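What follows is a short report on a single structure.
The values are calculated or read from the model by the stated rules, or taken from the named source; none is laboratory data. Keep in mind that what you see is a predicted model, and the values were worked out from it rather than measured. With ideal geometry, Cβ positions are generated from the backbone for all residues, glycine too; neighbour counts draw on all protein chains shown.
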Amino acid sequence: MEQKLLIIYTGGTIGMVNDPETNSLVPFDFENIYARVPELKKFDFQVKSISFAPAVDSAMMSPDIWIKLASIIETNYHEYEGFVVLHGTDTMAYTASALSFMLHNLAKPVILTGSQLPLGTVRTDGKENLLTALEIAAAQKNGRPLVPEVCIYFQDKLFRGNRTTKYNAEHFHPFRSDNYPALAEVGIHIKYNYPYIRYTTEEGHFHVSKKMDTSIALIKIFPGITPWVLNALLQAAGIKAVILETYGSGNAPTHKWFLDALKNAVDRGLIILNVTQCLAGSVEMWRYHTGIHLSAQGVVGGYDITTEAAVTKMMYLLANCNDTEEIKTNLNKSLKGEINI
């Protein structure tokens, strides 16, 4: 039986073409994808598409749109062998991370990709990204998908989605995954890094979580941070959790006012997750005196999680756990391969 893949176009540069009447970029109709990308006809699988209307600029991405996207995958899950999500690059790592936590018992590829240049331009990177993402989404061995997880594919690397960060707005390599190896490298051949691919061991059928709680704040520590800035965020109305971006392996100032502010927030029931500002490395609060002080105030260590994964994991846990202790327990677990413990 012929395989079927579903392209879901949310928005972003890859879906833009030049309108000759206005000489401006506009989204093209993915129903005509075979005319725009005739190379698709050479594949031995069928491609269908769904497009968001209107298209969503990635800067406007939100949990409501993640839920819509997850619901589309849920509705079509048993009809298609794999999914390719076309998305703007600015928030792609957030969306990939969110989907990884929302999709349970996932046994099919969900590959996010996009481009730095529109599909309608001569030097576009979009065509290669789209074709290779589809080929990876269709790849099977003994009737089972080779990469049954949420991934980002760009240029010549396939990364686990919740391990990625966008680091470059100029090059055709916009994403990095410094704390986890690539799942595949693409050249003349596609070489899969099988030991690092996640094959789910969860019990039960595929299902989707459709609740996310955005009652969080993201605080980046910097030299000279003031008490009123820190307290304004820690005491903001409705805040339930804070992602605290610290230095190096989880270090922060040890001023009495700083530690007191954190302790008071934790005592009020706020969850504070310590993540590093560095692209690579892990939070190890036991290593230095400054980190030990944070641990003593009740701050939770985030291991080697990316900020994007930390934000979306916290939103997911706040919406789907029963109490603070359950949330903290899950923050110290690798739920979808997002951290090394």
Go through the stretch 212-234 and give me each residue that's assigned to a loop (DSSP other than H, G, I, E, B) and in contact with a Leu (Cβ under 9 Å, 6 or more places away or on another chain). Met212, Asp213, Thr214, Ser215, Ile221
Would you point out which residue out of Gly250, Gly224 is surrounded by 17 or more Cβ atoms within 10 Å (Cβ to Cβ) and not assigned by TED's automatic domain parsing to the domain that holds Leu131? Gly250
If you go through the stretch 332-339 one residue at a time, do you hit one that is without any contact (Cβ under 8 Å) to a residue 60 or more places away in the chain, of a type in the set (A, V, I, L, M, F, W, C) and either loosely packed, with under 15 Cβ neighbours inside 10 Å or over 30 Å from Pro195 (Cα atoms) (or both)? no
For the stretch 301-310, state whether one or more residues are surrounded by fewer than 23 Cβ atoms within 10 Å (Cβ to Cβ) and either hydrophobic (A, V, I, L, M, F, W, C) or free of Cβ contacts under 8 Å to residues at least 24 places away in the same chain (or both). no
Residue pairs meeting the criteria (Cβ under 8 Å; at least 6 apart or on separate chains; first assigned by TED's automatic domain parsing to the domain that holds Lys313, in the stretch 101-118; second at pLDDT 95 or above and surrounded by 24 or more Cβ atoms within 10 Å (Cβ to Cβ)): none
When Tyr180 is run through (1) among the aromatic types (Phe, Trp, Tyr); (2) buried (at least 20 other Cβ atoms within 10 Å of the Cβ); (3) outside any strand (DSSP E or B), the failure sits at (2)
Give Leu158, Leu183 a once-over and let me know the one that is among the hydrophobic types (A, V, I, L, M, F, W, C), under 16 Å from Thr306 (Cβ atoms) and under 21 Å from the mean Cα position of the chain (by Cα). Leu183
Which residue out of Leu259, Leu279, Leu233, Leu273 is within 19 Å of Ile327 (Cα to Cα) and either in contact with a strand residue (DSSP E or B) (Cβ under 7 Å, 6 or more places away or on another chain) or assigned by TED's automatic domain parsing to the domain that holds Ile305 (or both)? Leu273
Can you tell me which residues in the stretch 235-251 are assigned to a loop (DSSP other than H, G, I, E, B) and either within 22 Å of Pro63 (Cα to Cα) or in contact with a helix residue (DSSP H, G or I) (Cβ under 6 Å, 6 or more places away or on another chain) (or both)? Ala236, Ala237, Gly238, Ile239, Lys240, Gly250
Can you spot a residue in the stretch 156-169 that is on the phi > 0 side of the Ramachandran plot and touching an Asp or Glu at 6+ places or on another chain (Cβ under 7 Å)? no
Out of (1) farther than 16 Å from Ala93 by Cα; (2) loosely packed, with under 15 Cβ neighbours inside 10 Å; (3) among the aliphatic types (A, V, I, L, M), the odd one out for Ile8 is which? (2)
What is the one condition in (1) part of a loop (DSSP other than H, G, I, E, B); (2) modelled with pLDDT under 95 that Ile339 does not satisfy? (2)
Exception for Tyr199 within (1) among the aromatic types (Phe, Trp, Tyr); (2) closer than 30 Å to Asn322 by Cα; (3) in contact with a helix residue (DSSP H, G or I) (Cβ under 9 Å, 6 or more places away or on another chain) falls at (3)
Only one of Thr329, Thr290 is in a helix (DSSP H, G or I), modelled with pLDDT under 95 and either in contact with a Pro (Cβ under 9 Å, 6 or more places away or on another chain) or not hydrophobic (A, V, I, L, M, F, W, C) (or both), namely Thr290
Go through (1) more than 16 Å from the chain's Cα centre (by Cα); (2) under 22 Å from Phe101 (Cβ atoms); (3) modelled with pLDDT under 95 one by one and return the number of the condition Leu279 breaks. (1)
